[in-house]
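> Provided herewith is a single structure, encoded as structure tokens, for subsequent inquiry.
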Amino acid sequence: MWLTVLLALVPLAALLFLLAIVRLTAWLAALIAGGVALTLGAALWHAPWGGMLRSYSYGALSGAWVIDWITFWGLVIFNTLVVTGDFARFKAWMVHHATADIRVQTIMLAWAFGALLEGLVGFGYPWAVVVPILAGLGIADLEAIRIAALANNAPVSYGALGVPILALSVVTSLPVMALSASVGNIVAVLALLPPWVLIYLVTNWKGVREAWPLALVGSFSYIAGQWPVAHYLGPYLPDLSGALVSFWVLFGFVKLWSPKTIRGFGGLPLELVARDPDPPVTGREAFSVWLPYLVLIGVVVAWTGPWSHLPSISLFHLTETARSSVTQKSIASTFNFNPLSGGTSIFVSWLVILALLRPGAGALKQVFAKTFHQIWGALIVALFVFALAYTFVYTGMANSLAYGLSKTGVIFVALAPILGWIGVALSGSNTSTNAMFGPVQAVTGRLLNMPALLLPSLNSVGAEVGKPIAPQTASVGVSTSKFVRSEGAVIRHNMGWTLIMLGYLVLIALFFYFALPNVMAL
């Protein structure tokens, strides 16, 4: 049995080795690992070549339609705001209203604003945007990177308009709404800790003692915006709603309460300097810079909410089935072409935003050139990673691996988030980690008679916690700092707090398994 388990690990180990050790480009690593999976599937698991190739192609099609169709238009929206100058005005407005205290600035900008960027774009861009802002406020560059990375922990599972959750649903065949809710439950508990850590990092314990109400408001306001949306509207918008609610609640809170001593980075008291009473953006302009985000939320909610049947309209299904020798249940590799999916709602949102901003032809050309330059590699990665994931499941390797892991018993509840943490630390992508390990987590949970949603959800949130030490994320995140091509120093600096967050997540996993198992059941 253990030889079978080790052989089943080979395709995933090959992918992670090519990414982390050989430093091969991600799409090529995924393509080679897919070839390894096909070869082993035919030679050792005796899977038919015709069925495997159909499964492989359906996985690639699913990656293109479910993942790429969303991430592409999400990045197009972001680049449209950047090219038209709308994002620069939005950023200026946010910085102006963050007050002079470094703790307030950190929570409003790294925590709330960073979650907004993660929800819209992901892929390390929140670090790249937030780090120079924090550095401009007096935070040392390396510390600014760590703060941006740790603030980005809670939003990652719903990043890039919910793509990691959608990926997890595709490869596990678990309902997307159920996964969105179960991940939301775990993230709600996880989100209680980071604001305290952020305040400590910028002002030490004395700053925490003075500003503890700020940490409470920061965490609970994000949860209040994120949790209901994750439960009742799905995975597309929890980051955006959590970020917007958190920012505006904090905005109002600091008008009513502020720390007695205004402190800068390191906890040093600051003289309260009179700020420019005239904001860089007028009230009318402020409404206009918020409007694209409100449009995105409005269109996606109307399009994908429980009342809408648009995403369920399907033109055709392509399916290849097999039967597991482990679970004795059918394994289906399916591509569902639903032309009015959530990704189409993002495209329609962009069209409405275009009507509001009215960029010229030259600006649009710049938007698409910038987008293709940034994302072409990620688009190809989705094809090959999902093709690999479908093949891994279809051949029976995922079930063989899950059968071996199930022999660890209940201890696997603690190991599940660690598996997600390792996966993202090496692959750099929550989406890819869910595609690789999601099926294994789901089958292991079934074999151990655990709640169906628990282990896959822990895999996704474990990947959240591992993002601060993911080389691919770090390489994008440091692109606007002094640590370009110094990802190793960044990862070492982030490691300690990342392990603390992972330990906290393991405790959360045990809490849900022993105290609230029904919350994770279908």
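The values are calculated or read from the model by the stated rules, or taken from the named source; none is laboratory data. Everything numeric in this text was worked out from a predicted model, so none of it was measured. Positions of Cβ are generated from backbone atoms using ideal geometry, with glycine treated the same way; all protein chains shown enter the neighbour counts.
> Quickly run through the range 442-491 and pick out the residues that are in contact with a Leu (Cβ under 6 Å, 6 or more places away or on another chain), β-branched (Val, Ile, Thr) and free of Cβ contacts under 8 Å to residues at least 60 places away in the same chain.
Residue satisfying the conditions is Thr444 alone.
> Could I ask something else about it? Taking the criterion of being in contact (Cβ under 8 Å) with a residue 12 or more places away in the chain, β-branched (Val, Ile, Thr), surrounded by fewer than 18 Cβ atoms within 10 Å (Cβ to Cβ) and in contact with a Phe, Trp or Tyr (Cβ under 7 Å, 6 or more places away or on another chain), would at least one residue in the range 500-521 satisfy it?
Checked against the condition, which is being in contact (Cβ under 8 Å) with a residue 12 or more places away in the chain, β-branched (Val, Ile, Thr), surrounded by fewer than 18 Cβ atoms within 10 Å (Cβ to Cβ) and in contact with a Phe, Trp or Tyr (Cβ under 7 Å, 6 or more places away or on another chain), the range 500-521 yields at least one hit.
> Quick one: would you say Tyr200 is part of a helix (DSSP H, G or I), aromatic (Phe, Trp, Tyr) and touching a residue at least 40 places away in the same chain (Cβ under 8 Å)?
When the stated conditions are applied, Tyr200 does not pass them.
> Does any residue of the range 354-362 turn out to be in a helix (DSSP H, G or I), among the charged types (D, E, K, R) and without any contact (Cβ under 8 Å) to a residue 60 or more places away in the chain?
no
> Something else: What is the one condition in (1) assigned to a helix (DSSP H, G or I); (2) buried (at least 22 other Cβ atoms within 10 Å of the Cβ); (3) modelled with pLDDT under 90 that Gly218 does not satisfy?
So the condition that Gly218 fails would be (3).
> Please state which one of Val281, Val273 is crowded, with 16+ Cβ neighbours inside 10 Å and either more than 29 Å from Ala144 (Cβ to Cβ) or at pLDDT below 90 (or both).
Of the residues listed, the single one that is crowded, with 16+ Cβ neighbours inside 10 Å and either more than 29 Å from Ala144 (Cβ to Cβ) or at pLDDT below 90 (or both) is Val281.
> A further question follows. Got a sec? Which of Ser308, Ser345 is under 23 Å from the mean Cα position of the chain (by Cα), modelled with pLDDT of 85 or more and either of a type outside the set (D, E, K, R) or part of a helix (DSSP H, G or I) (or both)? Let's see the steps before the verdict.
On the way: Ser308 fails: under 23 Å from the mean Cα position of the chain (by Cα).
Sole residue among the options that is under 23 Å from the mean Cα position of the chain (by Cα), modelled with pLDDT of 85 or more and either of a type outside the set (D, E, K, R) or part of a helix (DSSP H, G or I) (or both): Ser345.
Matching residues to (1) part of a helix (DSSP H, G or I); (2) over 21 Å from the mean Cα position of the chain (by Cα):
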{"site": "Leu16", "(1), (2)": "yes, no"}
{"site": "Leu24", "(1), (2)": "no, yes"}
{"site": "Leu28", "(1), (2)": "yes, yes"}
{"site": "Ile32", "(1), (2)": "yes, yes"}
{"site": "Ala42", "(1), (2)": "yes, yes"}
{"site": "Tyr58", "(1), (2)": "yes, yes"}
{"site": "Val66", "(1), (2)": "yes, no"}
{"site": "Trp69", "(1), (2)": "yes, no"}
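> Name the residue that is modelled with the highest pLDDT, counting only residues in the range 467-497 that are more than 21 Å from Trp27 (Cβ to Cβ) and within 16 Å of the chain's Cα centre (by Cα).
Of everything passing the filter in the range 467-497, Pro468 is modelled with the highest pLDDT.
> May I ask you to list the residues in the range 153-182 that are part of a helix (DSSP H, G or I) and within 20 Å of Leu75 (Cα to Cα)? Steps first, answer last, please.
First, pick out the residues of the range 153-182 that are part of a helix (DSSP H, G or I): 156-172, 176-182.
Listed by number, the residues that qualify are Val156, Ser157, Tyr158, Gly159, Ala160, Leu161, Gly162, Val163, Pro164, Ile165, Leu166, Ala167.
> Can you tell me how many residues in the range 428-454 are of a type outside the set (Val, Ile, Thr), under 18 Å from Ile331 (Cβ atoms), more than 14 Å from the chain's Cα centre (by Cα) and assigned to a helix (DSSP H, G or I)?
9
> Any residue at all in the range 417-432 that is farther than 25 Å from Trp27 by Cβ and either of a type in the set (Lys, Arg) or modelled with pLDDT of 90 or more (or both)?
Checking the range 417-432: at least one residue is farther than 25 Å from Trp27 by Cβ and either of a type in the set (Lys, Arg) or modelled with pLDDT of 90 or more (or both).
> For the range 48-71, how many residues are crowded, with 22+ Cβ neighbours inside 10 Å and under 18 Å from Ile353 (Cβ atoms)?
The number of residues fulfilling the criteria is 2.
> Tally up the residues in the range 305-330 that are surrounded by 14 or more Cβ atoms within 10 Å (Cβ to Cβ) and either of a type in the set (D, E, K, R) or more than 30 Å from Tyr236 (Cβ to Cβ) (or both), please.
Result for the range 305-330: 5.
> Give the residue, chosen from Val22, Val36, Val95, Val82, that is touching a Pro at 6+ places or on another chain (Cβ under 6 Å), among the β-branched types (Val, Ile, Thr) and surrounded by fewer than 20 Cβ atoms within 10 Å (Cβ to Cβ).
Val36
Conditions tested, residue by residue: (1) of a type in the set (Asp, Glu); (2) within 22 Å of Phe17 (Cβ to Cβ).
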site: Gly428; (1), (2): no, yes
site: Ala442; (1), (2): no, no
site: Leu448; (1), (2): no, no
site: Leu453; (1), (2): no, no
site: Glu487; (1), (2): yes, yes
site: Trp497; (1), (2): no, no
site: Leu507; (1), (2): no, no
site: Ala515; (1), (2): no, no
site: Asn518; (1), (2): no, no
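> Between Leu388, Leu419, Leu401, Leu415, which is assigned to a helix (DSSP H, G or I), of a type outside the set (Ser, Thr, Tyr) and without any contact (Cβ under 8 Å) to a residue 24 or more places away in the chain?
Leu415
> Can Leu214 be described as more than 15 Å from Gly119 (Cβ to Cβ) and in contact (Cβ under 8 Å) with a residue 60 or more places away in the chain?
Values: more than 15 Å from Gly119 (Cβ to Cβ): yes; in contact (Cβ under 8 Å) with a residue 60 or more places away in the chain: yes.
Spelling it out, Leu214 is indeed more than 15 Å from Gly119 (Cβ to Cβ) and in contact (Cβ under 8 Å) with a residue 60 or more places away in the chain.
> Restrict the check to the range 102-115 and report whether at least one residue is of a type in the set (S, T, N, Q), under 11 Å from the mean Cα position of the chain (by Cα) and either modelled with pLDDT under 90 or closer than 22 Å to Asn494 by Cα (or both).
No, that holds for no residue.
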